[in-house]
Amino acid sequence: MAETTQHMRIQHTLQQVEAENQSAPPAATPQAEAQRIMQICNACRYCEGFCSVFPAMTQYRHFNADTLDYLANLCHNCRGCYYACQYAEPHEFKVNVPQTFNELRAQSWQDYAWPGFMARAFAGNGVLLSLVCALAMAIVFIGSALLNDLPGFFSAYPDGNFHAIIPHGVMVAVAGPVFLFALFAMGMGGWAFWARGAAVSQPATLRPGGKNSGLPALLNALKDTLTLKNLSGAGHGCNDHSERFSMQRRYLHHATFYGFMLCFAATSTGTLYHYAFGWEAPHAYLSLPVIFGTVGGVLLCIGTAGLYRLKLKTETSLRSPALWGMETGFIALLFLTSLTGLLLLFLRESAAMGTLLAVHLGFVLTLFLVLPYSKMVHGVYRFLALLRFHRNTPR
Amino acid sequence: MLDAADVVVIGGGNAALCAALTARAAGASVLLLEHAPRNVRGGNSRHTRNLRLAHDAPTSVLTDSYSVDEYYDDLLKVTAGHTCPALARQVLAASRTLQPWMEAHGVRFQPSLSGTLNLERTNAFFLGGGKALINAYYATAEDRGVHIEYECEALTLKLDGRHCTQVTVRQHEQTFDIACRAVVAASGGFQGNATWMREAWGERVDNFLIRGTPFNKGRILRDLRTQGCAMLGDDTQGHMVAIDGRAPKYDGGIATRLDCVPFSVVLNQQGQRFYDEGEDFWPKRYAIWGRLVAQQPQQVGYAIIDARSLALFMPSVFPPYKADTLADLAQQMGLDPIAMQHSIRSFNAACQPGAFDPDRLDGRATQGLSPNKTNWARPISEPPFYGYILRPGVTFTYLSLKVNERAQVMWPDDHPSDNIYAAGEIMAGNIMGQGYLAGLGMTIGTVFGRIAGQEAAQHG
Ligand SMILES: Cc1cc2nc3c(=O)[nH]c(=O)nc-3n(C[C@H](O)[C@H](O)[C@H](O)COP(=O)(O)OP(=O)(O)OC[C@H]3O[C@@H](n4cnc5c(N)ncnc54)[C@H](O)[C@@H]3O)c2cc1C
Ligand code: SF4
Ligand code: SF4
């Protein structure tokens, strides 16, 4: 009799225990949710062929906050592992790696932001972008109005000489410090991320001396960055908006990235021309700065417009409404900067030049101002995450 | 909903899709019926990871070579002869041609990377696993004009002698008859049918977990048995493994497996050990443990380890129970602390000194226990202590339709049906009548799916 009671009691607790443990609801914070999901992925590992996240993950048994930040920034959001997931909703495990990492990633950028109080800039980023943009426009307009008389501002310059409206020295004096600050702030954020590496929980399978040496790791990280290997889904591409694979996202990002770099090259060669050779803008249509700028601008327009189109097609389950402003705001900013740049180039001999110049420079100034507090920082953290991956993960 | 098609394929997993794609390529109009909704389509196939392929030389994803003879020997070992040699050899030989066909239909492979399996010579791994494979086949099927109906359950085949004239289906509470020239039954086993399972296996199955889809209810299997088709095996046979007791009732899939047993002491609900936990490496023992746990009171087992063993096996999907004392751990897990501590104490006392080596059968055994643990026996003594609850997890049932080499469903007088074909789990018992060879399920489904599709399109 006593035995039966005991037996029943045990059976009862067992059921209680099992009931309590069943279908834990998705956790409240991105960290807790990422931790829950990584534990499931680590027991499953079916997605190990898609990208670097999974081989990195299998080195751990426990995921602390820094490890999760590392993995989240390593994720390129290709969605391969979402559409292939046998535990995605409606399964009660509700595994959704890309969305969870997307949110955790955004949070980590706040944590690493420099100076610290600017972390807030990431929340409501879309609003911030618009405000800064309006402000920058106003500054440039008022500035150029003060430098010119109105008829001058609205008249056509046959040689398209925009420095007649805003002198070169003024442009450099305003944009230079802002840009250097942006680089510095992003560098500080990157440094904070990298410094936490020591705290990233020690990989379980990393053999002593198993770290890969600096240079090859650096080269591999650069290669992955420049080729976007992790958006290639082991050669088949991303799941842009459905189970089907496509290279669209990868190629559009290439267009955006290389377009951006070409624009940067245009500015650099222009600066070189100015200071080293004394050749002053405006440059001829077939000069290096203008060729770089034109090709870069066109690529950037195509890339950003395409990425935005893909973004609109994103399934609801993969969207993070709170981040929508940051993601689309930045794409829009890049698009408008390059579009107005192109317009300025092609209409530089018309009377609209002054207005276009002010609008374009307004966008450029906005870009520089918000750079360290925009989606741009993903490049910094992702590169460092890839570097850490190549240092820590033996092949 | 179409009211007629040349070929009606019943099921929405690997075998069904291979049949549909092949029949379509042969020029037939094809209607594929999947009982599950789109977002959980693909049956047990979406939980798979690889398939076993014979090959004469290394391929892009398989190392070395794996001859049909060696494959056949492996099959004989696991089935203990429960196989039809002609059909088995047919499948194994055909497996050599599968990789290019699968790739041409959108399936992507990857080199096998991590985990506990050493299968890179024999098994080709799907990039992203079985759900990615299923997605690829559905996309190709849509592109090539296969008509797909979800949430559509086939109820019965209308037969005129050995000839199927119509398939009766139900979708959204409505019933339709679909005329067909041929039908392919690729609707899996019946492990998702709780009533049938209880009928065949007794009430204890209420405590079993089903590792795959709840949509494999065996309706067509039963329908054809009732209508007199020839069967292989009986209802009481199923493949089971020991999995985490906290897994969901259905669709727990691969992640719920637990690899801790060889390094544990496993107790039943009375707090008693019942089998040698260290008999062999886990991949060779997990199926036996499914049955062992099923025989215990309440069909439950409790695996206990200490801090030293936690990192010796693949991480598990649920965090283990954890406590600083054994009594506390017992309490948490719903075990009687006194019986549990008593068992662990006697186990610890029976452990012998010696080298512990998780990578080989280290021969470190207990002495004087019944049963002894014959490898990896070291005391459970270093806190914190960890525990896992084990339950039997059913992979599939063995009961099968008997088929011939053309995938035709057979009748007891050894004559084939005119136009009824079967592929996949529903006929796997013809080849794997017992035991399990990793990756053979998908191979059988792919080979017989293609045969069934081809035959149904040509001769239906
Ligand atoms: C967790 C797990 C892991 C596995 N891993 C592997 C592995 O790695 N490699 C391997 O080779 N095998 C593996 N197997 C075995 C493998 O799943 C099966 O051998 C294989 O999937 C069988 O394919 P199938 O198409 O016959 O059945 P399923 O894929 O189960 O498809 C059956 C389909 O029929 C549908 N259906 C059922 N009844 C009806 C009806 N009346 N009307 C309409 N539709 C119906 C179902 O919804 C389902 O879509 C695994 C099994 C499990 C459970
Ligand atoms: S995303 Fe899903 S299928 Fe991929 S490893 Fe994680 S749990 Fe497994
Ligand atoms: S990169 Fe793609 S496959 Fe890898 S974790 Fe991110 S979404 Fe998943």
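The values are calculated or read from the model by the stated rules, or taken from the named source; none is laboratory data. These numbers come from a predicted model, not from an experiment. Note that each Cβ is placed from the backbone with ideal geometry, even for glycine, and that neighbours are counted across all protein chains shown. Side chains included, ligands, DNA and RNA excluded: accessible areas come from the protein's heavy atoms. Shrake-Rupley method; radii C 1.70, N 1.55, O 1.52, S 1.80 Å.
Do we have any residue at all in segment B:267-279 that's in contact (Cβ under 8 Å) with a residue 12 or more places away in the chain, in a loop (DSSP other than H, G, I, E, B) and within 17 Å of the chain's Cα centre (by Cα)? No, every residue in segment B:267-279 fails to be in contact (Cβ under 8 Å) with a residue 12 or more places away in the chain, in a loop (DSSP other than H, G, I, E, B) and within 17 Å of the chain's Cα centre (by Cα). Filter segment B:293-331 for residues that are of a type in the set (A, V, I, L, M, F, W, C), surrounded by fewer than 21 Cβ atoms within 10 Å (Cβ to Cβ) and assigned to a helix (DSSP H, G or I) and give the result. Residues satisfying the conditions are B:A307, B:L310, B:A311, B:L312, B:A327. Of the candidates B:V107, B:V61, the single residue that is part of a loop (DSSP other than H, G, I, E, B) and at pLDDT below 95 is B:V61. Among the residues making up segment A:62-120, those that are assigned to a helix (DSSP H, G or I) and within 13 Å of ligand 2 (Cβ to nearest atom) are A:L71, A:G80, A:C81, A:Y82, A:Y83, A:V97, A:P98, A:Q99, A:T100, A:F101. Taking the listed residues B:G192, B:G218, B:G130, the one that is in contact (Cβ under 8 Å) with a residue 24 or more places away in the chain, away from chain A (no Cβ under 14 Å) and on the phi < 0 side of the Ramachandran plot is B:G192, with no other qualifying. Here is a check on your reading of the model: is B:I148 open to solvent by 20 Å² or more (accessible area, probe 1.4 Å), β-branched (V, I, T) and either closer than 23 Å to B:K131 by Cβ or within 11 Å of ligand 1 (Cβ to nearest atom) (or both)? Criteria met by B:I148.
The rows are residues; the columns are (1) touching a helix residue (DSSP H, G or I) at 6+ places or on another chain (Cβ under 8 Å); (2) under 21 Å from B:N430 (Cβ atoms); (3) open to solvent by 50 Å² or more (accessible area, probe 1.4 Å); (4) β-branched (V, I, T).
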| residue | (1), (2), (3), (4) |
| --- | --- |
| B:V7 | yes, no, no, yes |
| B:N44 | yes, yes, no, no |
| B:R49 | yes, no, no, no |
| B:H55 | yes, no, no, no |
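Look at segment B:173-189: where a residue is closer than 15 Å to B:R406 by Cα and assigned by TED's automatic domain parsing to the domain that holds B:V403 and a partner is away from ligand 1 (no atom under 14 Å from the Cβ) and part of a strand (DSSP E or B), sitting 6+ places away or on another chain with Cβ atoms under 6 Å, you get B:A182/B:V7; B:A182/B:N419; B:V183/B:C164; B:V183/B:I420.
Total residues in segment A:57-96 satisfying the condition of being within 12 Å of another protein chain (Cβ to nearest Cβ) and of a type in the set (V, I, T): the figure is 2. Condition check: farther than 13 Å from A:E103 by Cβ, within 13 Å of chain B (Cβ to nearest Cβ) and crowded, with 19+ Cβ neighbours inside 10 Å. Does A:R45 satisfy that? Yes, satisfied.
Filtered by the rule that a residue be among the hydrophobic types (A, V, I, L, M, F, W, C) and closer than 14 Å to B:Q237 by Cα, segment B:402-426 gives a lone residue, B:I426. For segment B:280-292, a residue qualifies if it is touching a residue at least 40 places away in the same chain (Cβ under 8 Å) and surrounded by fewer than 18 Cβ atoms within 10 Å (Cβ to Cβ), and the qualifying residues are B:D280, B:F281, B:P283, B:A287, B:R291.
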